[in-house]
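What follows is one structure encoded as structure tokens, with my remarks underneath.
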Amino acid sequence: MDKAASGAGAALASAIALYVVSLSLPLSAQLRPLYKPSELVIGKDINDVLSDKDIPTGQKGFARDYQINAQPEERLEIAVSSSNFDTVLSLIDSKGEAIAENDDVAGDNTSSLIFFRVRQAGNYIVRVSSFGGSSGGKFVLRVNQLRVVE
């Protein structure tokens, strides 16, 4: 093998090594989660805004997610209202499956409401989205724990 060929091989190996190093991310960027829903606290109102910077639904609308940790046999009332858009409320389990959904509470009311009895402990996603491709606006979300009347 001549010197030119071995020199070219070494240069190529150096270039590849430098290229690979230049693509690695700092550790802080590698540990940052891409998706982290906001935590919901039972009994506390969340005043928020749904916008085009939220999760695209694929149906010309957007969604914002919240996480709640629920225990077996808890009975939850989840409600969202807005004077800016027609709300849709979804409850999603740890497998990513929608287990409850509501568009309108009743009649001409565009607020959404879900009553849910927890069967399995864990984290659930409460998703607020808009109906009919609306871009969203301000909304109020609340989760209450219901008591059993005996």
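Return the residues of segment 114-132 that are in a loop (DSSP other than H, G, I, E, B) and charged (D, E, K, R); say none if nothing qualifies.
R119
Name the pairs: first residue in segment 119-133 and in contact (Cβ under 8 Å) with a residue 60 or more places away in the chain, second residue of a type in the set (G, A, S) and outside any strand (DSSP E or B), Cβ to Cβ under 7 Å, at least 6 apart or on different chains?
These pairs meet every condition: S129/G61; S130/G61; S130/G136; G133/G61.
With respect to S135, is the statement that it is closer than 25 Å to K36 by Cβ, hydroxyl-bearing (S, T, Y), assigned to a strand (DSSP E or B) and in the same structural domain as R64 (by TED's automatic domain parsing) true?
No.
For segment 53-83, name all the residues that are surrounded by fewer than 14 Cβ atoms within 10 Å (Cβ to Cβ), closer than 21 Å to G136 by Cα, over 14 Å from the mean Cα position of the chain (by Cα) and not basic (K, R).
Hits for segment 53-83 are G58, Q59, S83.
The values are calculated or read from the model by the stated rules, or taken from the named source; none is laboratory data. It should be emphasised that the depicted structure is a prediction, and the values quoted were computed from it without experimental measurement. In this analysis, Cβ positions are derived from the backbone assuming ideal geometry, glycine residues included, and neighbour counts consider all displayed protein chains.
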